[in-house]
Structure formats: structure tokens, C-alpha cells
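The values are calculated or read from the model by the stated rules, or taken from the named source; none is laboratory data. A quick note: this is a predicted structure, and the numbers were derived from the prediction, not measured. Please note: Cβ atoms are built from the backbone with ideal geometry, for glycine as well, and neighbour counts cover all protein chains shown. Surface areas here come from the heavy atoms of the whole protein model, side chains and all, with no ligands, DNA or RNA. Shrake-Rupley method; radii C 1.70, N 1.55, O 1.52, S 1.80 Å.
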Amino acid sequence: MKLIAHRGNYNGKESEKENTIEHIQNCLSLGLDVEIDIRFYDKKLFFGHDFAQENFIADQWEKYKNKLWVHCKDIETALIFNKFSGWNYFMHENDDATITSTNILWCHPRVGPVKGAVLVDVERKFELEGLYGVCSDNLIDLLK
């Protein structure tokens, strides 16, 4: 099962560190996958859920693209990632689920676990059996 650190969180929510390069690199060094929020602002890509944070340069992250789950925060970002080869990205707002560019079902917690899908379960409330992966702020107990 894929363990996906939500915005770089894996040992509890750390709002001030979310979507920062250092936080993401720390997760990658632990062998975790990472869900990152990317947005288009001022003709460039940036990390950031609600606003542009640090600059995102795709070439610098290319070697990690199989470990990153890129949540495109706007249509411009999705269109840019659609031109990249081999990146795993998706876009959604209020949907119960969406399909990633690598054909994985990405599910909102309100639908609960779906066999073969990734469940966003930041508080780790659900049974994980049968999932393709879990995206959570709380993965520390699964790393043991």
C-alpha cells in the first residue's frame, strides 16, 4: 500500500510547513510518497494550497515524479502538467472522487475506503485494507 504524506505531513498536521520544499524532501528521504499542491501564479508554478508559496520548477523534481501526487489547484496548472510526461497529477474541488493521470481513483474521506483506490484520510479514521494507498497527515504508526 502506498503511504502518501498529505502536503508533506506524516507525523501530524504542521500547517506552517505544508507544501514547503524542506518538508516534502524530508518525506521523500523517508521513502514516502507526497501529495503536493501546485498552483499557477504570475506565469509560474508554485507550491501552495491556498496561495503561492515556494517556486516549483518541474525539472528539479523530475527524478521524484513517481513519488509525487500533484494536486493541481487551478486549470492552468492542470493544462501545464498535461504536457509533462509521466507525472501523476489530478484536479478536483468538491468531488467525491477523481481519477489521477495514472488512472488511480483518488477518494474524498466522505466516501470512505474504496478497494483499489487512494483514500484521503488525514486523521486516519478508516480501515485501510484493500486500498491502493492512503493520503494522511498521520502516517508515523504505519512506518514502523
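For segment 49-104, what D do you get in µm² per second when you plug the Kirkwood radius from alpha-carbon pairs into Stokes-Einstein at 10 °C and 1.306 mPa s?
So the translational diffusion coefficient is about 131 µm²/s.
R0 = 30 Å: FRET efficiency of residue 22 with residue 102, Cβ-based, nearest 0.05?
That gives a FRET efficiency of 0.70.
To the nearest 500 deg cm²/dmol, what mean residue ellipticity at 222 nm is calculated for the chain from DSSP H runs of n ≥ 4 alone, each contributing -39,500 (n - 2.57), summed and divided by the residues?
-4000 deg cm²/dmol
With the crude spin-label approximation of a point 7 Å out along Cα→Cβ, what separation in nm comes out for residue 115 versus residue 42?
5.0
Would you calculate the separation in nanometres between label points at residue 29 and residue 93, each defined as 7 Å from the Cα along the Cα-to-beta-carbon direction?
3.9
For segment 92-110 and segment 6-38, what is the separation of their C-alpha centers, rounded to whole Å?
With segment 92-110 and segment 6-38 each reduced to a Cα centre, they are spaced 20 Å.
What do you get for chymotrypsin sites (Phe, Trp or Tyr not before Pro) in segment 78-114 restricted to DSSP loop and a cutoff of at most 14 other Cβ within 10 Å of the site's Cβ?
Loop-located and lightly packed - 84.
Accessible area per residue, 1.4 Å probe, Å², for segment 25-82: what's the number?
52
Please identify the trypsin sites (Lys or Arg not before Pro) of segment 68-131 that satisfy two criteria: DSSP loop assignment and at most 16 other Cβ atoms within 10 Å. Which are they?
115, 124, 125
If you roll a 1.4 Å probe over segment 60-144 with all protein chains in place, what percent of the accessible area is carbon or sulfur?
Accessible surface attributable to carbon and sulfur in segment 60-144 totals 51 percent.
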